[in-house]
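Before any comments, here is the structure.
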Amino acid sequence: MPVVEVDPDELRALAGAEHKPDAELKEDLFSLGLEFEGETESGGFELEFAPDRLDRLSVEGIARSLRYQYGHDRGVYVPETNDAEWAIEVDGSVPEERPYVTGAVVRGLDLDESRLESLIQLQEKLHATMGRGRAKGAIGVHDLAMLKGQRVDDEEGETEGTNAVKTITYRGVDPDGDRFVPLDDDAERTPAEVLETHPTGDEYADLVEGLDRYPAIYDDIGLFSFPPVINGTRTEVDEGSRDLLVEMTGTDQWTIDRMLAIVCYALDARGGRIEDVEIRYGDRELHRPDLSTSRKRVAHDRIERTLGIDVPGTEVVDLLERAGLDAAPADGGTRDRGVPEDAPDPDAPDDVALEAVPSRTDGPDTALGGSDAAAEGPAGEAATEPATDEGLIYEVEIPPYRVDVLHPADVVDDVGRAYGFNDLDPTYPNVSTVGGRHASSRLAEAARDALVGLGFEDLLNFHMTNEAELFDRMGLAPGDDALGASAPPTITEPYSEAYTVVRTWALPSLLMVLENNTHRAYPQDLAEIGLVAGVDSGESTGIEEHRSVAGALARTDASYEDAKARLRALADAFGASLSTPPTTHPSFIDGRAAEVVLDGESVGVVGELHPKVLVEHDLELPVAAFEFRLDGLR
């Protein structure tokens, strides 16, 4: 969970709570979901919070939430932006692996040491969270006074008026191409030299590994930023900087736009004036920062049902405004029962403003308040809809920094926090049963106890592995008519080559454990009950999965008879009839393998592992093993 360090005095000043004692401030923070973890050596608060609220990665964001909680602010606030004087030109040489850029200019800042530290902390926390360690999005903050932009000329060759746009260029650079002085250095270096000699370059070198050209940003003077690795010394921000350029590059436009919105709101809280930047791609032009709001619909009855409270509509709107959102009844306060709460308004254009939706002041309060009185329209005529909260659905406006609001349930959560979760009365659910273990879970637990009683050591291995472990090292080929040979579910974008598929059988996992423990004493009798899966077009999900029981006996005298004896004892413990007709399996020795048949159903295999499988796993002792479906014991 992310931890943010904040100065409590600075937090009080920004939140308008200068005289609130530490104990009360900590309680208020806890009600927001921010848990006090301790203090720094300088007396700062260390606050841990859920990683979905990325707008609280800075003292400015936390103070904003407190201001809403204290009632100092209400509803959605969107900073005004000035017209663009700067543009970022995206050159065709930009590496296709990192094609997107966004940016904003912030003027009139008064930075001191604490404010600069807060900005740097926000930058690094966004890198670590939403930016995925700079892989998905990287932030560069520059002193605008140190940049020289290329002015755009009009058709007659003359520079346009005082608001003429100055450009910088996002482009690709050869690894051994142009030089610049990186931060915390005093020598000019090429991008390749930065990766080889600079500590920051070494840390983030993997992000540009294998690229023919590296991402770079140029002004009229030359290269000043090497994203996502490091900025140049020339544009370094210090306490004397007043105007800043904030640029972000990444692999996804939405991600870097949302990261930029969070930074802009933090700098706006410090008195900065936000100024647009034109982003010029080859086929389109964008104006950033994107501070447009989004909308969600949530039903009144869902709020009451989820939170377990009876609350009038007027109070719901009040609570949403106290959460930093805006709300109004959608479609005049009622909805068709067949229309889901999160469906878009079919009669409204995509860019309809919330002001166009009926609000509390546009109609009678009874549309939200749940009064029994009929609302009156023009000339005193009675409204056609009853004044009731039943069927009411709200159109909720979401500010751009709230990247966590994805579903109506997130809006309900905000209502609950504004109401106060501690103020909710706990009630027992209206059901006639109590919780308990599922039958399959009870069966697995009983089987584990039986295996431990038979001398096995119970294991819990990863369900994910790779095809080499499942097939090649077991002497098995995908598609063989044998246990474990079904096509495995594959991971589209695996994090590691070691975990690319879900295992189709559990025995290879036991062999990997034996391989990693050849230095330990024998005998080693191992067992596992765990998930296995295979591709099956007959299933609604396309995947068939079940629990499998696997056991392995690694000892000098391990034999088919030893494995079968333990298998029979296990079957007897569950009252299952066991038979073991001969079979063949590529992982087992021919003539020393049998089919596991429980109550007349073929569910697995038992036998002595083939020498080639033992050699592949560096095992010098014989291994007898079995595997079968857990549901065969029912």
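Residue-wise test of (1) in a strand (DSSP E or B); (2) under 45 Å from the mean Cα position of the chain (by Cα); (3) at pLDDT 95 or above; (4) surrounded by fewer than 17 Cβ atoms within 10 Å (Cβ to Cβ).
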{"residue": "ALA550", "(1), (2), (3), (4)": "yes, yes, yes, no"}
{"residue": "ALA593", "(1), (2), (3), (4)": "yes, no, yes, no"}
{"residue": "VAL596", "(1), (2), (3), (4)": "yes, yes, yes, no"}
{"residue": "LEU619", "(1), (2), (3), (4)": "no, yes, yes, no"}
{"residue": "ALA624", "(1), (2), (3), (4)": "yes, yes, yes, no"}
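So GLU85 clears everything in (1) touching a Lys or Arg at 6+ places or on another chain (Cβ under 7 Å); (2) under 28 Å from ASP206 (Cα atoms) except one condition, right? Which one?
Every listed condition holds for GLU85 apart from (2).
Going by the structure shown, is ALA593 in contact with a His (Cβ under 7 Å, 6 or more places away or on another chain) and small (Gly, Ala, Ser)?
Details: in contact with a His (Cβ under 7 Å, 6 or more places away or on another chain): yes; small (Gly, Ala, Ser): yes.
It is true that ALA593 is in contact with a His (Cβ under 7 Å, 6 or more places away or on another chain) and small (Gly, Ala, Ser).
Given (1) surrounded by 21 or more Cβ atoms within 10 Å (Cβ to Cβ); (2) over 20 Å from ALA477 (Cα atoms), identify the lone condition not met by ARG629.
(1)
Determine which member of the set GLY484, GLY475, GLY530 is surrounded by 14 or more Cβ atoms within 10 Å (Cβ to Cβ), more than 17 Å from LEU609 (Cβ to Cβ) and in contact (Cβ under 8 Å) with a residue 24 or more places away in the chain. If you could, list the steps in order and put the result at the bottom.
Details: GLY484 fails: more than 17 Å from LEU609 (Cβ to Cβ); GLY475 fails: more than 17 Å from LEU609 (Cβ to Cβ).
Of GLY484, GLY475, GLY530, the one residue that is surrounded by 14 or more Cβ atoms within 10 Å (Cβ to Cβ), more than 17 Å from LEU609 (Cβ to Cβ) and in contact (Cβ under 8 Å) with a residue 24 or more places away in the chain is GLY530.
Taking the stated definitions as given, is SER540 surrounded by fewer than 16 Cβ atoms within 10 Å (Cβ to Cβ), among the hydroxyl-bearing types (Ser, Thr, Tyr), out of contact with any Ser or Thr (no Cβ under 7 Å at 6 or more places or on another chain) and at pLDDT below 95? Talk me through it step by step, then tell me what you get.
Values: surrounded by fewer than 16 Cβ atoms within 10 Å (Cβ to Cβ): yes; among the hydroxyl-bearing types (Ser, Thr, Tyr): yes; out of contact with any Ser or Thr (no Cβ under 7 Å at 6 or more places or on another chain): yes; at pLDDT below 95: yes.
Answer is yes for this residue.
Which condition number in (1) surrounded by 17 or more Cβ atoms within 10 Å (Cβ to Cβ); (2) polar (S, T, N, Q); (3) in contact with a Lys or Arg (Cβ under 8 Å, 6 or more places away or on another chain); (4) more than 17 Å from ILE279 (Cβ to Cβ) is the one that SER241 fails?
Going through (1) surrounded by 17 or more Cβ atoms within 10 Å (Cβ to Cβ); (2) polar (S, T, N, Q); (3) in contact with a Lys or Arg (Cβ under 8 Å, 6 or more places away or on another chain); (4) more than 17 Å from ILE279 (Cβ to Cβ) one by one, SER241 breaks only (3).
Quick one: would you say GLY363 is in a loop (DSSP other than H, G, I, E, B), touching a strand residue (DSSP E or B) at 6+ places or on another chain (Cβ under 9 Å) and at pLDDT below 95? Outline the logic, then answer.
Details: in a loop (DSSP other than H, G, I, E, B): yes; touching a strand residue (DSSP E or B) at 6+ places or on another chain (Cβ under 9 Å): yes; at pLDDT below 95: yes.
When the stated conditions are applied, GLY363 passes them.
With the requirement that a residue be out of contact with any helix residue (DSSP H, G or I) (no Cβ under 9 Å at 6 or more places or on another chain) and not hydrophobic (A, V, I, L, M, F, W, C), what does region 390-427 give you?
Restricting attention to region 390-427, the residues satisfying the condition of being out of contact with any helix residue (DSSP H, G or I) (no Cβ under 9 Å at 6 or more places or on another chain) are 406-407, 410, 423, 425-427.
Passing the criteria: HIS407, ASP410, ASP423, ASP425, PRO426, THR427.
GLU10: in the same structural domain as ARG273 (by TED's automatic domain parsing), acidic (Asp, Glu) and in contact (Cβ under 8 Å) with a residue 40 or more places away in the chain, yes or no? I'd like the intermediate steps shown before the answer.
On the way: in the same structural domain as ARG273 (by TED's automatic domain parsing): no; acidic (Asp, Glu): yes; in contact (Cβ under 8 Å) with a residue 40 or more places away in the chain: yes.
Taking the combined requirement at face value, the residue does not satisfy it.
Considering region 497-533 alone, what residues qualify as being part of a loop (DSSP other than H, G, I, E, B) and under 34 Å from the mean Cα position of the chain (by Cα)? Explain how you work it out, then say what you get.
Step one: filter region 497-533 for residues part of a loop (DSSP other than H, G, I, E, B), giving 497-500, 503-506, 516-523.
Answer for region 497-533, where residues must be part of a loop (DSSP other than H, G, I, E, B) and under 34 Å from the mean Cα position of the chain (by Cα): GLU497, ALA498, TYR499, THR500, ARG503, THR504, TRP505, ALA506, ASN516.
Between residues in region 167-185 that are without any contact (Cβ under 8 Å) to a residue 40 or more places away in the chain and residues that are in a strand (DSSP E or B), which pairs lie under 7 Å by C-beta distance while being six or more apart or on different chains?
If the second residue must be in a strand (DSSP E or B), the pairs left are PRO175/TYR214.
Given the structure, is ILE262 at pLDDT 95 or above, under 26 Å from GLY108 (Cβ atoms), out of contact with any strand residue (DSSP E or B) (no Cβ under 9 Å at 6 or more places or on another chain) and surrounded by 23 or more Cβ atoms within 10 Å (Cβ to Cβ)?
yes
Would you be able to tell me the number of residues in region 190-219 that are surrounded by fewer than 20 Cβ atoms within 10 Å (Cβ to Cβ), of a type in the set (D, E, K, R) and either in contact with a His (Cβ under 7 Å, 6 or more places away or on another chain) or in contact (Cβ under 8 Å) with a residue 60 or more places away in the chain (or both)?
Of the residues in region 190-219, 2 are surrounded by fewer than 20 Cβ atoms within 10 Å (Cβ to Cβ), of a type in the set (D, E, K, R) and either in contact with a His (Cβ under 7 Å, 6 or more places away or on another chain) or in contact (Cβ under 8 Å) with a residue 60 or more places away in the chain (or both).
Looking at ASP310, ASP283, ASP301, ASP252, which one is out of contact with any helix residue (DSSP H, G or I) (no Cβ under 9 Å at 6 or more places or on another chain), farther than 21 Å from LEU119 by Cα and free of Cβ contacts under 8 Å to residues at least 60 places away in the same chain? Show your work before the answer.
On the way: ASP310 fails: out of contact with any helix residue (DSSP H, G or I) (no Cβ under 9 Å at 6 or more places or on another chain); ASP301 fails: free of Cβ contacts under 8 Å to residues at least 60 places away in the same chain; ASP252 fails: free of Cβ contacts under 8 Å to residues at least 60 places away in the same chain.
That would be ASP283, the only listed residue that is out of contact with any helix residue (DSSP H, G or I) (no Cβ under 9 Å at 6 or more places or on another chain), farther than 21 Å from LEU119 by Cα and free of Cβ contacts under 8 Å to residues at least 60 places away in the same chain.
Would a scan of region 530-543 turn up a residue that is within 13 Å of LEU460 (Cα to Cα) and touching a helix residue (DSSP H, G or I) at 6+ places or on another chain (Cβ under 7 Å)?
Within region 530-543, the subset within 13 Å of LEU460 (Cα to Cα) is 530-532.
With the extra rule that they be touching a helix residue (DSSP H, G or I) at 6+ places or on another chain (Cβ under 7 Å), the set shrinks to none.
No: zero hits.
Please list, ordered by residue number, the strands (runs of 3 or more DSSP E) wholly in region 34-133 having 1 or more residues that are surrounded by fewer than 19 Cβ atoms within 10 Å (Cβ to Cβ) and free of Cβ contacts under 8 Å to residues at least 60 places away in the same chain.
34-39, 45-49
For region 473-488, indicate whether the set of residues that are closer than 29 Å to HIS585 by Cα, not β-branched (Val, Ile, Thr) and not in a loop (DSSP other than H, G, I, E, B) is non-empty.
Within region 473-488 (the criterion being closer than 29 Å to HIS585 by Cα, not β-branched (Val, Ile, Thr) and not in a loop (DSSP other than H, G, I, E, B)), the answer is yes, since at least one residue qualifies.
May I ask you to list the residues in region 396-447 that are in a helix (DSSP H, G or I), of a type in the set (A, V, I, L, M, F, W, C) and without any contact (Cβ under 8 Å) to a residue 24 or more places away in the chain? So that I can check it myself, show each step before the final result.
Let us first name the residues in region 396-447 that are in a helix (DSSP H, G or I), namely 408-419, 421-423, 439-447.
Then keep just the ones that are of a type in the set (A, V, I, L, M, F, W, C); that gives 409, 411-412, 415, 418, 421, 439, 443-444, 446-447.
Correct list: ALA439 only.
Working only within region 277-326, note down all residues that are over 30 Å from VAL106 (Cα atoms) and hydrophobic (A, V, I, L, M, F, W, C).
Listed by number, the residues that qualify are VAL298, ALA299, ILE303, LEU307, ILE309, VAL311, VAL316, VAL317, LEU319.
Take region 260-312 and flag every residue that is under 30 Å from PRO429 (Cα atoms), part of a helix (DSSP H, G or I) and not aliphatic (A, V, I, L, M). Spell out how you get there, then give the answer.
Within region 260-312, the subset under 30 Å from PRO429 (Cα atoms) is 296-312.
From what's left, part of a helix (DSSP H, G or I): 300-307.
Listed by number, the residues that qualify are HIS300, ASP301, ARG302, GLU304, ARG305, THR306.
What do you reckon, is ARG520 closer than 24 Å to ALA450 by Cβ and either without any contact (Cβ under 8 Å) to a residue 24 or more places away in the chain or among the basic types (Lys, Arg) (or both)? Steps first, please.
Numbers: closer than 24 Å to ALA450 by Cβ: no; either without any contact (Cβ under 8 Å) to a residue 24 or more places away in the chain or among the basic types (Lys, Arg) (or both): yes.
Judged against the criteria, ARG520 is not a match.
The values are calculated or read from the model by the stated rules, or taken from the named source; none is laboratory data. Since we're looking at a predicted model, the values are computed, not measured. Every residue, glycine among them, receives a Cβ derived from its backbone with ideal geometry; neighbour counts consider all protein chains shown.
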